[in-house]
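The values are calculated or read from the model by the stated rules, or taken from the named source; none is laboratory data. All values reported here derive from a predicted model rather than from experimental measurement. Neighbour counts run over all protein chains shown; Cβ positions are idealised from the backbone, glycine included. Each accessible area value is taken on the protein alone, full model and side chains, heavy atoms only, with ligands, DNA and RNA left out. Shrake-Rupley method; radii C 1.70, N 1.55, O 1.52, S 1.80 Å.
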Amino acid sequence: MLSKRTIIGLVVGSVIIAIGGYSLILHIGTITVNENYVVAVGDSTHYKIPAPASTRQTMTIIGDAFDLKFSSPADGLQIPTTSYKKELNLDWTHLADGETEISIQNTGNTDLTITGVLIRSSDPLWFTYDLMVITSGMVIIGFSMGFTLRKPKGF
């Protein structure tokens with residue numbers, strides 16, 4: 001017969017393992033990021049987008065005036081520091097695995113609006129985090145099973 005504490009531990013541990021497993025499945029492969037960001041007057045922003053080969057990226061920058069420097073891996077799209085006014089639509093494909101680097105400086109009198117759909121590689125740190133969550137669920141189940149085998153003093 002399982003004690004109440006064992007059953008509670010099994011349920012809680014199973015839920016934690018399920019959450020970790022679901023998160024692990026979500027973090028496998030590429031992640032689509034819908035960007036919607038505002039850069040204040042005089043401020044700048046920097047993007048590093050790690051992505052596998054053949055992933056399509058799009059970004060639209062709207063504002064009074066801004067400077068942009070763009071570098072894509074391999075022989076992809078390369079833009080040295082260039083000034084733009086009003087609107088810029090970027091549409092590129094990663095030709096090789098690597099990072100695209102984008103630097104944007106707002107030089108106008110209004111805020112910049114940056115929107116886009118960016119597809120990036122999953123960070124290995126999330127994989128490790130998900131495994132730690134699954135392991136903690138297993139530890140909770142293991143401790144709760146100890147209540148069935150022998151009753152510690154004071155319980």
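For (1) touching a helix residue (DSSP H, G or I) at 6+ places or on another chain (Cβ under 7 Å); (2) charged (D, E, K, R); (3) modelled with pLDDT of 85 or more, each residue gets a yes or a no:
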{"residue": "Met1", "(1), (2), (3)": "no, no, no"}
{"residue": "Arg5", "(1), (2), (3)": "yes, yes, no"}
{"residue": "Val12", "(1), (2), (3)": "yes, no, yes"}
{"residue": "Ala18", "(1), (2), (3)": "no, no, yes"}
{"residue": "His27", "(1), (2), (3)": "yes, no, no"}
{"residue": "Thr32", "(1), (2), (3)": "no, no, no"}
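Just one of the numbered conditions (1) more than 17 Å from the chain's Cα centre (by Cα); (2) in a strand (DSSP E or B) is not true of Arg120; which one?
With (1) more than 17 Å from the chain's Cα centre (by Cα); (2) in a strand (DSSP E or B) applied to Arg120, the lone miss is (1).
Mind listing just one residue for me: the one in segment 111-155 that is closer than 30 Å to Ser54 by Cα and of a type in the set (Gly, Ala, Ser) and, of those, modelled with the highest pLDDT?
Of the residues in segment 111-155, the ones closer than 30 Å to Ser54 by Cα are 112-131.
Filter once more, keeping what is of a type in the set (Gly, Ala, Ser): 116, 121-122.
Details: Gly116: 88, Ser121: 80, Ser122: 79.
Here the residue is Gly116.
Taking segment 9-35 as the search range and keeping residues that are touching a Lys or Arg at 6+ places or on another chain (Cβ under 9 Å) and open to solvent by less than 60 Å² (accessible area, probe 1.4 Å), which one is farthest from Ser144 (Cα to Cα)?
By that ranking, first place goes to Val33.
What pairs can you find where one residue is in segment 49-65 and in the same structural domain as Trp92 (by the TED database), the other is in a strand (DSSP E or B) and of a type in the set (Val, Ile, Thr), and their Cβ atoms are less than 6 Å apart, with a gap of 6+ or different chains?
As it stands, the answer is Ile49/Thr100; Ala51/Ile119; Thr55/Ile119; Arg56/Thr93; Thr58/Val117; Thr60/Thr115; Ile61/Ile114; Ile62/Thr113, since those pairs meet every condition given.
Among the residues in segment 73-96, are any surrounded by 13 or more Cβ atoms within 10 Å (Cβ to Cβ), without any contact (Cβ under 8 Å) to a residue 24 or more places away in the chain and aliphatic (A, V, I, L, M)? Spell out how you get there, then give the answer.
Of segment 73-96, the ones surrounded by 13 or more Cβ atoms within 10 Å (Cβ to Cβ) are 73, 76-77, 79, 84, 88, 90, 92-96.
Checking which are without any contact (Cβ under 8 Å) to a residue 24 or more places away in the chain leaves us with 77, 79, 84.
Then drop every residue that is not aliphatic (A, V, I, L, M), which leaves 77, 79.
Within segment 73-96, one or more residues are surrounded by 13 or more Cβ atoms within 10 Å (Cβ to Cβ), without any contact (Cβ under 8 Å) to a residue 24 or more places away in the chain and aliphatic (A, V, I, L, M).
Could you tell me which residue of segment 36-55 is modelled with the lowest pLDDT, considering only residues that are assigned to a strand (DSSP E or B), within 27 Å of Thr128 (Cα to Cα) and open to solvent by 40 Å² or more (accessible area, probe 1.4 Å)? Before you say what the answer is, go through the steps one by one.
Quick first cut of segment 36-55, residues assigned to a strand (DSSP E or B) only: 36-39, 44-51.
From the residues that got through so far, the ones that are within 27 Å of Thr128 (Cα to Cα) too are 46-51.
Narrowing further to those that are open to solvent by 40 Å² or more (accessible area, probe 1.4 Å): 46, 48.
Details: His46: 90, Lys48: 87.
Of everything passing the filter in segment 36-55, Lys48 is modelled with the lowest pLDDT.
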